[in-house]
Amino acid sequence: MDELRQSPNTPEEVKQKAEAMLRRLNIIDHPPEIQFTALDGREVDLAKLKGKVVLVDFWATWCGPCVAEIPHVKEAFDKFHDRGFEVVGISFDGDRAALEKFVKSKGLPWPQYFDGKNWDNKFGQKYAIQAIPEMWLVDRNGNVVDTNARTDLAGKVERLLAEK
């Protein structure tokens, strides 16, 4: 990836994809750079959530496995939010109204990123997200510690919250 990125003969689009893949491969123990204005108008900046445990959920309403994870995410959010657990949704949806309706109907209280670009989603491109759902856990120091948080989400959140 690094050779592709640095080669003068590599097309610019390929260089950008190589850079994204390197960011993705090296994200563990590093802070994700995610800032946006949420669907509901809230300003979100993961750097400002230091001190909390954060789940970054890359998902879409049209993704069956993503929707199937929602009860687990809600359960963890309801159980641990008061102890410092936050969720940030990164939606790969293309229809804003459909996403807003879905979020409201499911009672999802956490902020949602939406740019309407589906697979060309800003953060999906930045971190070479190739399949959803993908869930990252960010520790209290602001670093990604898990890129496969779907497995035993509540247990992982509880352990991270217990760390000082």
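The values are calculated or read from the model by the stated rules, or taken from the named source; none is laboratory data. Quick caveat, the model's predicted, so the values are computed rather than measured. Here the Cβ positions follow ideal geometry from the backbone for every residue, glycine too, while neighbour counts run over all protein chains shown. These area figures cover heavy atoms from the full protein model, side chains too; ligands, DNA and RNA do not enter into them. Shrake-Rupley method; radii C 1.70, N 1.55, O 1.52, S 1.80 Å.
Dipole magnitude of segment 29-83 about its Cα centre, charges +1 at Lys/Arg Cβ and -1 at Asp/Glu Cβ only, in debye to the nearest 20? Could you put the intermediate results ahead of the total?
Details: 7 positive and 10 negative charges, 34 e Å.
Roughly 160 debye, rounded to the nearest 20.
How much of the accessible area of the chain, probe 1.4 Å, is carbon plus sulfur, in whole percent? It would help to have the intermediate numbers written out before the result.
Working: 4250 of 8780 Å².
Result for the chain: 48 percent of the exposed heavy-atom area is carbon or sulfur.
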Any chance you could give the angle, 0 to 90 degrees and rounded to 10, that helix 64-80 forms with the longest Cα principal axis of the chain? 50
Loop only per DSSP, at most 14 neighbouring Cβ atoms within 10 Å: give me the GluC sites (Glu not before Pro) in segment 71-164, ordered by residue number. 163
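Which of the three applies to segment 18-107, rounded, prolate or oblate, going by the alpha-carbon gyration tensor with a ≥ b ≥ c and a/c under 1.5 meaning rounded? Intermediate values should be presented prior to the final figure.
On the way: a/c = 1.56, a/b = 1.20, b/c = 1.29.
Here segment 18-107 falls in the oblate category.
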Gain in length, residue 117 to residue 96, computed as 0.36 nm per residue apart minus the alpha-carbon separation, to one decimal in nm? 6.5 nm
Segment 125-164: relative contact order from alpha carbon pairs under 8 Å, six or more residues apart, as a whole percent, is 30
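Could you state the orientation-averaged shadow area of the convex hull built on the Cα atoms of the chain, in nm² to one decimal? Spell out each step's value before the answer.
Working: hull surface 38.5 nm².
So the mean shadow area of the Cα hull is 9.6 nm².
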Would you mind computing, in nm to one decimal, how far apart the modelled labels at residue 143 and residue 104 are, each placed 7 Å from Cα along Cα→Cβ? 4.2
Enter the angle in degrees (range 0 to 90, nearest 10) between the Cα long axis of helix 153-162 and the first principal axis of the Cα atoms of the chain, meaning the one along which they spread out most. 80
Long-range Cα-Cα pairs in segment 73-164 (distance over 18 Å), rounded percent: 50
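At 222 nm, what value in deg cm²/dmol follows for the chain if DSSP H runs of at least 4 each add -39500 (n - 2.57) and the sum is divided by all its residues, to the nearest 500? Numbers along the way, then the final one.
Working: 6 runs with 62 residues, N = 164.
It lands at -11000 deg cm²/dmol.
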Measure up 48/126; 48/156; 17/104 against 30 Å on the Cα-Cα distance and list the ones that go over. 17/104
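Using DSSP, restrict attention to beta bridges with both residues in the chain and report what percent are antiparallel, rounded to the nearest 5. Don't jump to the answer; show the numbers that get you there.
Details: 10 of 20 bridges.
Percent antiparallel among DSSP bridges in the chain is about 50.
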